[in-house]
Amino acid sequence: MADSVLVIDHDADVLRAVGDYFDGIGYDVERAGAAEAGFEVFDRMRPDVVILDLHIADLNGLEVLERLRSQGGSVILLTDQGDIGTAVRAMQRGAEHVVTKPVDLNHLAAATARVCEKVRVVRQNALLRRREHGNEGLESLGVSPAARERSTVLLTGESGTGKGWVARAIHHLSPRGNGPFVEVHGGGLSATFLESELFGHENGAFTDANERRQGLFELADRGTILLDEIGDLAPDVQARLLKVLEANTVRRLGGTRDMAVDVRVVAATNRDLVAEVRAGRFREDLHSRLSVMPLHLPALRERPREDRLTLLARMLSDLARQMPGCPSAGSAEALDRLVSAPWPGNARELRNVVERAMILARGSPQIGVEHLPADLRKGGGGGGGERRHQPQALAEVERLHIEKTLRFHGGNRTRAARELGISRATLINKIKVYGLDI
């Protein structure tokens, strides 16, 4: 994907000459003849480099520099010869380079290339740091070779089953994990707007296209794009997406040039795409391209109790880090009701209920039944459904209660035994009997 440059200069000749030069050597270029217009373009475009005239007409150049730097911009400053003092102040305020006029375009291009490389390194390091945090808990997904391949992935399952989370996990576990992750929802958008979002557009491509815009496929270059609600795509968009998958190139709306992109596509839907193909609403060839690596996520009610317990524990741990002062554990009865409810809204609904319960239990040692929604307090299921009786042996109830008590006390046997009303030796014996590893 081409690097991007924003040129801000009140001199129309310089603006045209510099812009045309960088456009000719393969950069994506935007131009602005005033500072305020430049800020608007910067917010929309987020260019890799800004080339700024120090003596811009409507604002002080150093003030413009500081504002761009405060928003993460990398700025090369253009100034007149002999203005050494201002050049020094500009470097002190964060300018990457200062280039004197008349501009040597070859020198300016070399400086711009160096700044672009620096920007890439900084962004990759930031992504790596986010990746280290985001990888927590990914072992629950697995690290199979299939998760690390480049293959297109199709995620299916009911709403709320965690398709977005799985897509991010696949991205982080893959060699593309230090690249961008871009998400787009296909539902409820017009075909023209969605095509513009995905593939970008040139100035004048349609009625409201007043400037060039990069598409999300370009922004996801060397990374992953999640196409959520893929089953809702209009036929025209399906055809263009198929071409992208086959050729690994994109062409902006109104454009004439195909641009190579290196993007892994993860598609997600809560629809039965096979049925959609049979009904003629979804292209069979596109379905085949997307189904290289299909993965179905079962509804929460269909998962084993152990899986639901693991998911609940993970949610409590994650939310506790975000909500200081809220308990990260629950009473055995509260946890049992949370795990046993049918949850028609799946993991998303469960997380919302757990978060609300933690807020209500702030300052308490644990979440109790009194902190749960009314239907769960009465013994009913989540989401208005009827909670089914699930036979459970007394030993299983005891094992669950001991495990939760130990977790609450951070594995401390003495404090847990005191709360349970048994001796430490008896607790240790039960830990061995139930095979608890806490």
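The values are calculated or read from the model by the stated rules, or taken from the named source; none is laboratory data. Everything quoted here is computed from the prediction, not taken from an experiment. So basically every Cβ, Gly included, is an ideal-geometry build from the backbone, and we count neighbours across all protein chains shown. Protein only, heavy atoms only, side chains kept; ligands, DNA and RNA dropped before computing areas. Shrake-Rupley method; radii C 1.70, N 1.55, O 1.52, S 1.80 Å.
Summary table
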read-out: Carbon plus sulfur fraction of accessible area for the chain, probe 1.4 Å, in percent; value: 50
read-out: Using a Förster distance of 41 Å, the FRET efficiency for N429-M293 (Cβ separation, nearest 0.05); value: 0.30
read-out: Per residue, in Å², the accessible surface of the chain once ligands and nucleic acids are set aside, probe 1.4 Å; value: 49
read-out: Rounded D (µm²/s) - segment 216-278, Kirkwood Rh over Cα pairs, Stokes-Einstein at 37 °C, 0.692 mPa s; value: 258
read-out: The chain: Cα Rg divided by the 2.2 N^0.38 Å rule of thumb; value: 1.27
read-out: Straight-distance crosslink candidates among lysines, where the alpha carbon sits under 18 Å from K404 and sequence neighbours closer than 8 are dropped; value: K430, K432
read-out: 27 Å Cα-Cα reach of K243 towards lysines, excluding residues that sit fewer than 8 places from it in its own chain; value: K163
read-out: Share of pairwise Cα separations in segment 296-365, more than 21 Å, in percent; value: 21
read-out: Summed residue charge, Cβ within 10 Å of E246's Cβ, Lys/Arg positive, Asp/Glu negative; value: +1
read-out: Gain upon complete extension [A12, H401; 0.36 nm per residue less C-alpha separation]; value: 132.6 nm
read-out: Where T269, T310 fall by accessible area, highest first, once all protein chains stay in place (1.4 Å); value: T310, T269
read-out: Aspartates and glutamates with Cα under 17 Å of K378, excluding same-chain neighbours fewer than 8 positions away; value: E333, D336, E370, E386
read-out: Rounded to the nearest 20 debye, dipole of the chain from Cβ charges on Lys, Arg, Asp, Glu; value: 2580
read-out: Rh by Kirkwood over Cα pairs, then Stokes-Einstein D for segment 151-297 at 0.692 mPa s and 37 °C, µm²/s; value: 212
read-out: Debye intensity ratio I(q)/I(0), log10, segment 10-125, q values 0.23 Å⁻¹ (C-alpha model); value: -1.66
read-out: FRET E, pair Q322, H55, Förster distance 41 Å, beta-carbon r, rounded to 0.05; value: 0.30
read-out: Helix 424-434 axis, angle to the chain major axis (alpha carbon atoms, nearest 10°); value: 80
read-out: Expected 222 nm ellipticity per residue - DSSP helices of 4 or more, -39500 (n - 2.57), all of the chain, to 500; value: -14500 deg cm²/dmol
